[in-house]
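Take a look at the structure below.
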Amino acid sequence: MFRSLKITLLLSHTGIILLTNLLLANVSYFYLINTLEKSQKQHLEFIASHAAQTISNYLKNKADLLERISGGQEVINYSINFREAALASYLAGFYSSFPNLSYINAQGIEELRVTDGEIAQNVADYSNTPLFTKSLAHPNKVLIFPDESNQRIKEPALQLAIAKHQYFEDRFAGLLLGSLPYRKVAESLADISFSATGYLLLRDRLGNSMTISQPSSPAAAVQISISPVEKEKTDPGLFVPQKPDRMPSFQRTTVRGIDSFVAATFIPELQWTVMGVLPHEEFMQQVKKLRIGFIILFVIFFALASLLSYILSNGITMPLARLTRAARAIAQGNLNEIIEIRSQDEIGKLIGSFNTMTRNLQETTISRDYFNTILSSMQESLIVLGRDGRIETINNSTIVMLGYEKHELTGKPLEFILKKDEAAARCPFSNLDEGEILRECELIYLTKWGREIPVHFSASPMKNSKGEIYGIVCLAINISRRKKMETALRQSEAKLREIAITDELTSLVNRRGFMTMATKQLQVAKRQEGNVFLMYADVDNLKWVNDHLGHHAGDQVLMETADLLRSTFRDSDTIARLGGDEFAVLLIDPADEKTVIGRLEENLRARNSGEQRSYELSLSIGVVRYDPEHPSSIEELMNRADNMMYECKQQKKQRGR
């Protein structure tokens, strides 16, 4: 399509980057919007739940306060000697918590009422109200009666009542009734804030609503408004649940004519609904900021990617352009054109071969025989294909590499010597027909005997003076040695990792390897509630053997101990030498502790009776069980097993005395 390779590479890279960028941007944008909506949902649900918990805690504190008030000496004395002034003064001290406090006698008549610290007229009769009968039925317990209309303070209120009963004197000491206006309950939520335009909405079972919104400035007070049921215009079906257990905790709906997100929590003891309301418009403001940020990031990323694409394209095409100019100059008879080598990749090697050819051409007349000599002197495999893609000639390096004679490959397609794998499928051979250069393909050549040889493959079309393609030059570099070195390096790394966790003397796992394996085994045992034991063993009298028989004998003791443990325990058990004369075994699902120790002691006796040596092999052992219900770390198990082993060793010493 384009005559310039640089433009082709640049546009193709830019197009791929643009499509990838757009795809990633769209996926990320919708993912982040979904994440933002989920986060807003969780936040709103938390706000509603936190507000409901705050109200419950507030009412509990008020109930505790009313209970303490009812236990005051003034209340008890009033029930005996009717000192009204003392009781009124006592109740007036709590007007900041309860705007109305009343004392009701055993007949349900309100004898004394204190409103905002002042004595009010006694006119109320509660004898036939549920408040009075339920309070008498539950003496000395604060009851809350929601949604009662309090005419004295001209707004809805909650009523808290406690019937005081003297158990020892077996008499009724009066009923205290405190009123809590809805506004005071709403003020307990003043510290809860979550957005600029969001607000809390409380609704009782009768439909009365309270709105708690944040101030427009930090210095302003929290705004609280109370709407009676007849003034509330919202959908009552949304906020008055008929079945609270089936009430949705989160939904998007219209609240007071505004499209909003709503999270709701129900307070069963009050039959109140607490809602966190966030206008959808505010949420879309966050989405708008996110969209602008994505556009900015997209522009920056696209600009940087385009610049990088230009640099990479220029780095690929510039050496080829220099090679093309030099080849054109030689075709015109200028044999003094030498190209500077600026890289050591395949193109750099090709330029080096080109320079060698140019220097040789400077010394002699160009002939086919001399050209064949040049091809024969190349260390790289060179194959020339005809326009039909079949082999026309090969150099000596190709013959040596593949084992074919020249006539055996002449006329064969290039696929005849290629292994048909994914690498060959990905190599764009079809681009050669369009005049493009193919390079840096890692392919597999197949020899005459079927042996595979990895090569770095490059190809370039040959054109005549009219620009017509009449053949293709294929250059392949044998990279078998590099592949072997890479394989040897990986094997060496694996061997080094094995040496790092193996004890050199006994070939058992060392402390580092044991700690790693045992930690993983304990994690599996914890999940599957498996039966795992840790045995800690110490070789007795090893110091005596080293001092009297030499360190060679001491090493022999350690190797015998390792062989004893290998023959006693299963392959699934982890056996390790921790260092010095200490060994450890992690047993997976053994029969039981006694069986394990018994088998070890039996094998130890058999080894001592069958060997003729100047010492007797002896072990002090400590065994502990890993409890999945009370998991312990491997360090804690080893400390416990070490203590048991030490007790065993001490008992042996005491018996020896």
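The values are calculated or read from the model by the stated rules, or taken from the named source; none is laboratory data. None of the values given here were measured: they were computed from a predicted structure. Quick reminder, even Gly has a Cβ in these numbers, built from the backbone with ideal geometry, and neighbours come from all protein chains shown. The protein model used for the area step is the full one, side chains on, heavy atoms only, and it has no ligands, DNA or RNA in it. Shrake-Rupley method; radii C 1.70, N 1.55, O 1.52, S 1.80 Å.
With respect to (1) closer than 30 Å to residue 95 by Cα; (2) modelled with pLDDT under 85, the lone exception for residue 175 is condition (2).
Would you check if residue 596 is touching a helix residue (DSSP H, G or I) at 6+ places or on another chain (Cβ under 8 Å) and either surrounded by 13 or more Cβ atoms within 10 Å (Cβ to Cβ) or in a loop (DSSP other than H, G, I, E, B) (or both)? The answer is no for residue 596.
Open to solvent by less than 90 Å² (accessible area, probe 1.4 Å) and polar (S, T, N, Q): which single residue out of 528, 491, 521 fits that description? Break it down stepwise before answering.
On the way: 528 fails: open to solvent by less than 90 Å² (accessible area, probe 1.4 Å); 491 fails: open to solvent by less than 90 Å² (accessible area, probe 1.4 Å).
One residue alone meets the criteria, 521.
In segment 76-95, is there at least one residue being in contact with a Ser or Thr (Cβ under 7 Å, 6 or more places away or on another chain) and either polar (S, T, N, Q) or open to solvent by less than 20 Å² (accessible area, probe 1.4 Å) (or both)? Taking every residue of segment 76-95 in turn, none turns out to be in contact with a Ser or Thr (Cβ under 7 Å, 6 or more places away or on another chain) and either polar (S, T, N, Q) or open to solvent by less than 20 Å² (accessible area, probe 1.4 Å) (or both). Beta carbons closer than 9 Å, at least 6 apart along the sequence or on distinct chains, pair a first residue in segment 473-492 that is among the basic types (Lys, Arg) with a second that is open to solvent by less than 90 Å² (accessible area, probe 1.4 Å) for 482/454; 483/454.
Does residue 468 meet the test of being over 17 Å from residue 327 (Cβ atoms) and open to solvent by 50 Å² or more (accessible area, probe 1.4 Å)? So residue 468 does not fit the description; no. Listed by position, the strands (runs of 3 or more DSSP E) inside segment 95-141 whose residues that are within 23 Å of residue 64 (Cα to Cα) number at least 2 are 100-104, 110-115.
On the stretch given as segment 409-445, residues that are open to solvent by 50 Å² or more (accessible area, probe 1.4 Å), touching a residue at least 40 places away in the same chain (Cβ under 8 Å) and over 13 Å from residue 461 (Cβ atoms) total 1. Across segment 29-54, the qualifying residues are those that are of a type in the set (S, T, N, Q) and surrounded by 13 or more Cβ atoms within 10 Å (Cβ to Cβ), and the one among them that is farthest from the chain's Cα centre (by Cα) is 54.
If you go through segment 598-628, how many residues are more than 26 Å from residue 523 (Cβ to Cβ) and of a type in the set (A, V, I, L, M, F, W, C)? Don't jump to the end; show me each part of the working.
Keep residues of segment 598-628 that are more than 26 Å from residue 523 (Cβ to Cβ), which gives 598-620.
Among the residues that remain, those that are also of a type in the set (A, V, I, L, M, F, W, C) are: 600, 604, 606, 617, 619.
Matching residues across segment 598-628 total 5.
Looking at segment 277-290, is at least one residue closer than 30 Å to residue 203 by Cα, within 30 Å of the chain's Cα centre (by Cα), without any contact (Cβ under 8 Å) to a residue 12 or more places away in the chain and open to solvent by 20 Å² or more (accessible area, probe 1.4 Å)? Looking through segment 277-290, at least one residue is closer than 30 Å to residue 203 by Cα, within 30 Å of the chain's Cα centre (by Cα), without any contact (Cβ under 8 Å) to a residue 12 or more places away in the chain and open to solvent by 20 Å² or more (accessible area, probe 1.4 Å). Residue count for segment 67-94 under the criterion of being more than 60 Å from the chain's Cα centre (by Cα), of a type in the set (Phe, Trp, Tyr) and not in a helix (DSSP H, G or I): the result is 1.
Pairs linking a residue in segment 600-628 that is touching a residue at least 60 places away in the same chain (Cβ under 8 Å) and among the aliphatic types (A, V, I, L, M) to a residue that is assigned to a loop (DSSP other than H, G, I, E, B) and surrounded by fewer than 12 Cβ atoms within 10 Å (Cβ to Cβ), with Cβ atoms under 8 Å and 6 or more positions apart or on different chains, are 617/611. Taking the numbered list (1) more than 23 Å from residue 8 (Cα to Cα); (2) at pLDDT 80 or above in turn, residue 299 passes all entries but (1). Inclusion of residue 411 among residues that are among the small types (Gly, Ala, Ser), under 17 Å from residue 393 (Cα atoms) and either modelled with pLDDT under 85 or not in a strand (DSSP E or B) (or both) is warranted.
Among the residues making up segment 607-647, those that are aliphatic (A, V, I, L, M) and not in a helix (DSSP H, G or I) are 617, 619, 621, 623, 624.
Listed conditions (1) of a type outside the set (Ser, Thr, Tyr); (2) out of contact with any helix residue (DSSP H, G or I) (no Cβ under 8 Å at 6 or more places or on another chain); (3) open to solvent by 60 Å² or more (accessible area, probe 1.4 Å) are all met by residue 473, apart from (3).
Out of 92, 52, 85, report the one residue that is of a type in the set (Gly, Ala, Ser) and touching a Gly at 6+ places or on another chain (Cβ under 9 Å). So that I can check it myself, show each step before the final result.
On the way: 52 fails: touching a Gly at 6+ places or on another chain (Cβ under 9 Å); 85 fails: touching a Gly at 6+ places or on another chain (Cβ under 9 Å).
Within the list 92, 52, 85, the selection yields 92.
Would you be able to say whether some residue in segment 545-553 is within 21 Å of residue 623 (Cβ to Cβ), assigned to a helix (DSSP H, G or I) and open to solvent by 10 Å² or more (accessible area, probe 1.4 Å)? No, segment 545-553 contains no residue that is within 21 Å of residue 623 (Cβ to Cβ), assigned to a helix (DSSP H, G or I) and open to solvent by 10 Å² or more (accessible area, probe 1.4 Å). None of 448, 463 is free of Cβ contacts under 8 Å to residues at least 60 places away in the same chain, open to solvent by 50 Å² or more (accessible area, probe 1.4 Å) and either among the hydroxyl-bearing types (Ser, Thr, Tyr) or over 23 Å from residue 360 (Cβ atoms) (or both) except 448.
Residue by residue, here is whether (1) under 24 Å from residue 514 (Cα atoms); (2) touching a Leu at 6+ places or on another chain (Cβ under 8 Å); (3) among the hydrophobic types (A, V, I, L, M, F, W, C) holds:
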position	(1), (2), (3)
589	yes, no, no
597	yes, no, yes
602	no, no, no
609	no, no, no
615	no, yes, no
633	yes, yes, no
639	yes, no, no
642	yes, no, no
645	yes, no, yes
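Condition test on residue 57, is it surrounded by fewer than 16 Cβ atoms within 10 Å (Cβ to Cβ) and outside any loop (DSSP other than H, G, I, E, B)? In short, yes. Report yes if residue 65 is buried (at least 18 other Cβ atoms within 10 Å of the Cβ) and either closer than 21 Å to residue 188 by Cα or modelled with pLDDT of 85 or more (or both), otherwise no. Considered against the rule, which asks whether it is buried (at least 18 other Cβ atoms within 10 Å of the Cβ) and either closer than 21 Å to residue 188 by Cα or modelled with pLDDT of 85 or more (or both), residue 65 comes out as no.
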